[in-house]
Amino acid sequence: MRLLDVSAILLLATLAACAPAKPEPAPPKIIAVRVSSDPGKALLFLSGKPVGETPHSLKVAEMDELLGLSASRGQEEPVEKRIKFLSLDRAEVTFTFGAGRSVMAKALGLPRILVFDYGTGVTFNVNRSDLKPEFLPLLDRQSALLKTHFSALDVHICGHTDSQGAKDFNLSLSLDRARAVAKDLEARGVPKERLKVQGFGSDFPVSANDNDAGRAMNRRTEVILPQ
C-alpha cells in the first residue's frame, strides 16, 4: 500500500474518532393516567386497541398516547373528554356520556368537546389572575399541542372562579384569568385569531365551594377544543 493511502486512512480514522457522538434520543416522557367515565363504566381504548374498562389506571408515553385514549359504551361516544393535568407526569382523564350532560359543551354551543383542565396544583391564588410559575411548563406543552395536533381548530380559553365574592367581580376576574392564559399561548406561537376568550365566573364549578380545597380547584382555566 502506498504511503499516501496509509496517511489518508489514518487521517480518516482520526477524524472519525474526533467526531462528536450523535446524541442519544431522549427517553419518552411517561405520564401516569387515571381514567374514569360518567355515568357508569365504559370500554377504554388506547390508539384504537382495548385496554380495559373504566375506572382504569395506566401509563402512557408522551402526549400522543394521552390524546389517543378513547372510550365508548356500545355505540355511544362521549360528549366530553376532559384531561386534567395534575403535574407534568400525572393526569386524570374523564369521559362524559349522554346528550346534554356536558355543561361546558352546552355553554359554548358545541356538540362534543375536548377539555384541557388546568386546576389542582396550578390554580390561581384568591382574587388573582397572574400565572403561577408551575403553570408555565404546562402551557408550553399546551401550545405545542395546539400548533401540531389542532392547528385548524378554534381554541376556547375559559376562565373560572370560586364562589367567594360578588358575581360581577368574579365574572371580570374569570375573564382576566382566561386572558392571561391566552396571552401566554399567543407569545408561544399560537395565532391570536384562533383564541376565543371567555369568562364564566363561578357558574361552572368542578368541586364543592364549601372548603378551601374545593374552592382552589374551581379557580382555574380550561382550554377547550371542538370535536
> Taking the Cβ-Cβ separation of Glu134 and Leu43 as r and a Förster radius of 35 Å, what is the calculated FRET efficiency to the nearest 0.05?
Replying inline: 0.50
>> Need one number: convex hull volume per residue for region 95-227, Cα atoms only, in Å³.
In response: 108 Å³
> Given the pairs Lys84/Lys106; Lys147/Lys183; Lys59/Lys183, which are separated by over 24 angstrom at their Cα positions?
Replying inline: Lys59/Lys183
> How much length, in nm to one decimal, is gained on full extension between Ala144 and Asp64, taken as 0.36 nm per residue of separation minus their Cα-Cα distance?
Replying inline: 27.6 nm
>> I'd like the orientation of helix 136-148 relative to the chain: the angle between its Cα long axis and the longest Cα principal axis, in ° from 0 to 90, rounded to 10.
In response: 80 degrees
>> As a footprinting exposure proxy, order Ser174, Ser47, Ser163 by other Cβ within 10 Å, with the fewest listed first.
In response: Ser47, Ser163, Ser174
>> Using the Kirkwood radius over C-alpha pairs as Rh, can you work out the diffusion coefficient of region 158-206 via Stokes-Einstein at 10 °C, viscosity 1.306 mPa s, in µm² per second?
In response: 144 µm²/s
>> Please check: in the Gaussian network model of the chain (C-alpha springs, under 10 Å), which one of Ala178, Ala144, Ala166 has the largest mean-square fluctuation.
In response: Ala166
> Between region 104-148 and region 172-186, what is the C-alpha centre distance in whole Å?
Replying inline: 10 Å
> Expressed as a whole percent, how much of the Cα-Cα distance distribution for the chain exceeds 32 Å?
Replying inline: 28 percent
> Sorted from fewest to most neighbouring beta carbons within 10 Å, what does the list Thr96, Thr221, Thr148, Thr54 look like?
Replying inline: Thr148, Thr54, Thr96, Thr221
>> Neighbour counts of other C-beta atoms within 10 Å: give me Asp64, Asp212, Asp38 arranged from fewest to most.
In response: Asp212, Asp64, Asp38
> For the chain, what is the mean residue ellipticity at 222 nm derived from helices alone (per DSSP H run of n ≥ 4: -39500 (n - 2.57); sum divided by total residues; nearest 500 deg cm²/dmol)?
Replying inline: -9500 deg cm²/dmol
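Coordinate-derived values only; no laboratory data. Keep in mind the model is a prediction, meaning the values are calculated, not measured. Positions of Cβ are backbone-derived with ideal geometry, glycine not excepted, and every protein chain shown enters the neighbour counts.
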